[in-house]
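Here's the structure, in structure tokens; my notes come after.
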Amino acid sequence: MKKFSYSAFPFLAVVLAVMVVMAAEVRFSNAVNCSPAQLSPCLPAIKSSSPPSNDCCVKLREQRPCFCGYVKNPSLRQYVSSPRAREVVKSCGVPFPTC
């Protein structure tokens, strides 16, 4: 049976530290900037009966983690929960959250 070499410990500590930093960078790079202004490509579809643009659908998918925050915000609730907004979200194939 081989004995554990403590001389390898500094190397393992560095490798572990690098892995933690890399994981944190991936998590932060995937973070969503919750900004209702990001949904501006959807305004034409919400204001009319026109179908949503591809840009609108992309933004809806990106902003999906933010929907509950928008629904809970009294200033935004009437816009994001309107029947037409729900139709746009549905036509993009994005599930509307139950908050």
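The values are calculated or read from the model by the stated rules, or taken from the named source; none is laboratory data. Bear in mind the structure is a predicted one, so any value in this text is a computation, not a measurement. For the accessible areas, the whole protein counts, side chains as well, though only heavy atoms, and no ligand, DNA or RNA atoms are used. Shrake-Rupley method; radii C 1.70, N 1.55, O 1.52, S 1.80 Å.
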Subtracting the Cα-Cα distance from 0.36 nm times the residue separation, let me have the gained length for Phe96 to Lys72 in nm, one decimal.
-> 7.3 nm
Karplus-derived 3J(HN,Hα), 6.51/-1.76/1.60, for each residue of the stretch 36-50, Hz, glycine and proline x | x, 4, 5, 8, 4, x, 8, 4, x, 6, 6, 6, 10, 9, 6
Whole-Hz Karplus couplings 3J(HN,Hα) for the stretch 85-97, θ = phi - 60° and coefficients 6.51, -1.76, 1.60, Gly and Pro as x, run 4, 5, 5, 5, 4, 5, 5, 7, x, 9, x, 7, x
Cα-based Kirkwood hydrodynamic radius, the stretch 38-98, one decimal, Å | 11.3 Å
Note down the accessible area of Ser48, probe 1.4 Å, to the nearest 10 Å².
-> 50 Å²
